[in-house]
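This report refers to the structure that appears directly beneath it.
Where a number appears in this text, it was derived from the coordinates with a stated rule and is not lab data. Please read these numbers as outputs of a predicted model, since none were measured by experiment. Cβ sites come from the backbone with ideal geometry, for glycine too, and all protein chains shown count toward neighbours.
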Amino acid sequence: MKNIISIALNSWSRQKQQPILLFDSVAAASDVAFILGGQWDGCNGVVMSKCDEVAVNTAANLVDAKWCYSGTCFACLASLKSDELIKRYAAGERNFINANLRCAMLASVKLSEANLSYAKLNLANLSKADLSKVDLTAADLSEANLSAADLSQAYLVRTNLTKTDLQLADLRGANLTRANLSEVNLSHADLRGANLAYSDLRGANFHFSNLSGANLTGAKFIERDLEECLRNNSI
């Protein structure tokens, strides 16, 4: 836990020292980086040594763009097409923070180690996708289809997985601390060694799921669901 807090504080400190600005298009980010002398990340982000919001707003208005800070709780990107995401990933891009992928069709795609933190992926189809080691911190995956997806060692801290289909999903070693998993379908899912501390698991379907070695400290359950977990797993 101390290591997680230390990493979070270090990340927060670096962001405060070098603000990361996210724009609603890749072109806008490139143009604003040029105007303000920032470092364009090749996607929709600009790293600044310091941020003068008046200057940023002026530059954004010049290129008719909207912007927000990295880590805000809303997506500023216009809808990102599935084929565009796949193309960028294949070209080596991994940073898709705050991306708007609502209802995206991404079944069986490979997005391993991508940064999709704060992304909107609600109602998306990610069945059988390779999402191993992906960063989905605070992303919205409510009602998404993640059946048989590979989420091993994924970072899903504070992620919204309400009513998500995770049957047959591989979640071995995944970090789901404080995630919302209410009414999620985890039947036949592999959660061995997963961190579910303080997560909301009320109404979750654990039918034939494997929770061996999972951390359930402080997790919220409906009593009958907890009884089923304890009956079917060695926790």
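Here is how the numbers come out for the structure above:
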quantity: Amide H partners (placed H, <5 Å) of K110, local residues excluded; calculated: D130
quantity: In Hz, Karplus ³J(HN,Hα) per residue of region 113-122 (6.51, -1.76, 1.60; θ = phi - 60°; x = Gly, Pro); calculated: 6, 6, 9, 10, 4, 6, 5, 9, 10, 5
quantity: Potential lengthening between A55 and D83 on full extension [0.36 nm per residue; Cα-Cα distance subtracted]; calculated: 6.7 nm
quantity: Distribution of pairwise C-alpha distances over region 77-143, 10 Å bins, in %; calculated: 24, 66, 10
quantity: 11 Å beta-carbon shell around D41, net charge (K/R +1, D/E -1); calculated: 0
quantity: Dimensionless Rg ratio for region 79-234, taking C-alpha atoms and the 2.2 N^0.38 Å reference; calculated: 0.97
quantity: Whole-percent pair-distance distribution, where bins are 5 Å wide, for the alpha carbons of region 20-69; calculated: 5, 27, 42, 23, 3
quantity: Estimated distance in nm for a label pair at L62 and F208, the labels positioned 7 Å out from Cα along Cα-to-Cβ; calculated: 6.1
quantity: Theoretical FRET efficiency, 1/(1+(r/R0)^6), r = Cβ-Cβ of L123 and I222, R0 25 Å, to 0.05; calculated: 0.50
quantity: Linear extension gain, A91 paired with V47, 0.36 nm per residue minus alpha-carbon span; calculated: 13.7 nm
quantity: Peptides ranked, highest mean first, by Cβ atoms within 10 Å: ranges 83-92, 23-32, 191-200; calculated: 191-200, 23-32, 83-92
